[in-house]
Amino acid sequence: MKIRRLEDVENTEADVRAETWKSRRLLLAGDGMGFSVHDTVLYAGTETHMHYQNHLEAVYCIEGEAEIEDLATGERHRIVPGTLYALDDNDRHVLRVVEQFRAVCVFNPPITGREVHDENGAYPLVTGEPI
């Protein structure tokens with residue numbers, strides 16, 4: 001059994017920050033579960049372009065408001081607490097944050113904890129020792 005609290009990972013190497021977001025990685029590849037779980041905050045007024053080419057992701061909003069746009073179709077959806085979206089086809093998308101947005105994110109395959117978005121908005125497929 002694994003027990004993790006947000007306070008256990010804050011300000012550690014599992015607390016990864018970028019210009020538009022911070023991701024507190026609660027469960028990682030090294031935990032051997034086959035997926036990773038993150039508590040992620042995206043900042044109000046920001047846009048983050050993403051295209052997870054190596055991972056599938058499910059995102060469950062627990063605070064705030066954002067709009068997601070599927071860049072292949074132009075389709076847009078309002079995301080508010082209680083909404084889940086799943087990027088089940090390596091969807092190229094942009095998340096526009098209206099009000100600070102907090103979500104629980106699940107990745108398959110799991111990330112190691114060292115990943116940050118590359119120039120394409122993807123996490124690289126990292127192998128080797130997880131954090």
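The values are calculated or read from the model by the stated rules, or taken from the named source; none is laboratory data. These figures come from a predicted structure and were not determined experimentally. As a convention, Cβ positions derive from the backbone with ideal geometry for all residues, glycine included, and neighbour counts pool all protein chains shown.
Quick check on my filter: what residues within the stretch 21-54 are in contact with a His (Cβ under 6 Å, 6 or more places away or on another chain) and on the phi > 0 side of the Ramachandran plot?
none
Give the residue, chosen from Tyr60, Tyr52, that is in contact with a strand residue (DSSP E or B) (Cβ under 9 Å, 6 or more places away or on another chain), closer than 21 Å to Val98 by Cα and aromatic (Phe, Trp, Tyr).
Within the list Tyr60, Tyr52, the selection yields Tyr60.
Taking the conditions exactly as written (among the hydrophobic types (A, V, I, L, M, F, W, C), touching a His at 6+ places or on another chain (Cβ under 8 Å), surrounded by fewer than 16 Cβ atoms within 10 Å (Cβ to Cβ) and under 25 Å from Glu65 (Cα atoms)), does Ala18 satisfy them or not? Give the steps one after another, and end with the answer.
Numbers: among the hydrophobic types (A, V, I, L, M, F, W, C): yes; touching a His at 6+ places or on another chain (Cβ under 8 Å): yes; surrounded by fewer than 16 Cβ atoms within 10 Å (Cβ to Cβ): yes; under 25 Å from Glu65 (Cα atoms): yes.
Yes: the conditions hold for Ala18.
So which residues in the stretch 55-68 are among the charged types (D, E, K, R) and over 10 Å from Asp91 (Cα atoms), if there are any at all? Explain how you work it out, then say what you get.
Within the stretch 55-68, the first condition is being among the charged types (D, E, K, R), and the residues that meet it are 57, 63, 65, 67.
Result: Glu63, Glu65, Glu67.
So is His49 closer than 17 Å to Trp21 by Cα and in a strand (DSSP E or B) or not? Please lay out each step first, then the result.
Details: closer than 17 Å to Trp21 by Cα: yes; in a strand (DSSP E or B): yes.
Considered against the rule, which asks whether it is closer than 17 Å to Trp21 by Cα and in a strand (DSSP E or B), His49 comes out as yes.
If I filter the stretch 88-125 down to residues being of a type in the set (A, V, I, L, M) and at pLDDT 95 or above, which single residue comes out as nearest to Gly32 (Cα to Cα)? Break it down stepwise before answering.
Filtering the stretch 88-125 down to residues of a type in the set (A, V, I, L, M) leaves 94-95, 97-98, 103-104, 106, 111, 116, 122, 125.
Of the ones still in play, those that are also at pLDDT 95 or above are 94-95, 97-98, 103-104, 106.
On the way: Val94: 30, Leu95: 29, Val97: 32, Val98: 35, Ala103: 22, Val104: 19, Val106: 14 Å.
For the stretch 88-125, the residue satisfying everything is Val106.
Provide a single number: the residues in the stretch 21-34 that are surrounded by fewer than 12 Cβ atoms within 10 Å (Cβ to Cβ) and without any contact (Cβ under 8 Å) to a residue 60 or more places away in the chain. Quick ask: steps written out before the conclusion?
Step one: filter the stretch 21-34 for residues surrounded by fewer than 12 Cβ atoms within 10 Å (Cβ to Cβ), giving 32, 34.
When the remaining residues are screened for being without any contact (Cβ under 8 Å) to a residue 60 or more places away in the chain, the result is 32.
Qualifying residue count for the region: 1.
For the subset of the stretch 63-81 comprising residues that are touching a residue at least 12 places away in the same chain (Cβ under 8 Å) and part of a loop (DSSP other than H, G, I, E, B), which member is farthest from Val97 (Cα to Cα)? Explain how you work it out, then say what you get.
Within the stretch 63-81, the subset touching a residue at least 12 places away in the same chain (Cβ under 8 Å) is 63-72, 78-81.
Filter once more, so that each one left must be part of a loop (DSSP other than H, G, I, E, B): 71-72, 80-81.
Numbers: Leu71: 16, Ala72: 20, Val80: 10, Pro81: 13 Å.
The qualifying residue farthest from Val97 (Cα to Cα) is Ala72.
With the structure loaded, tell me whether Gly45 is of a type in the set (Gly, Ala, Ser), surrounded by fewer than 17 Cβ atoms within 10 Å (Cβ to Cβ) and over 15 Å from Leu95 (Cα atoms) or whether it fails that test.
Numbers: of a type in the set (Gly, Ala, Ser): yes; surrounded by fewer than 17 Cβ atoms within 10 Å (Cβ to Cβ): yes; over 15 Å from Leu95 (Cα atoms): no.
So Gly45 does not fit the description; no.
For the stretch 1-46, which positions are of a type in the set (A, V, I, L, M), assigned to a strand (DSSP E or B) and at pLDDT below 95? Can you show your working first?
Step one: filter the stretch 1-46 for residues of a type in the set (A, V, I, L, M), giving 1, 3, 6, 9, 14, 16, 18, 26-29, 33, 37, 41-42, 44.
Subset that is assigned to a strand (DSSP E or B): 16, 26-27, 37, 41-42.
Of everything in the stretch 1-46, just one residue is of a type in the set (A, V, I, L, M), assigned to a strand (DSSP E or B) and at pLDDT below 95, namely Val16.
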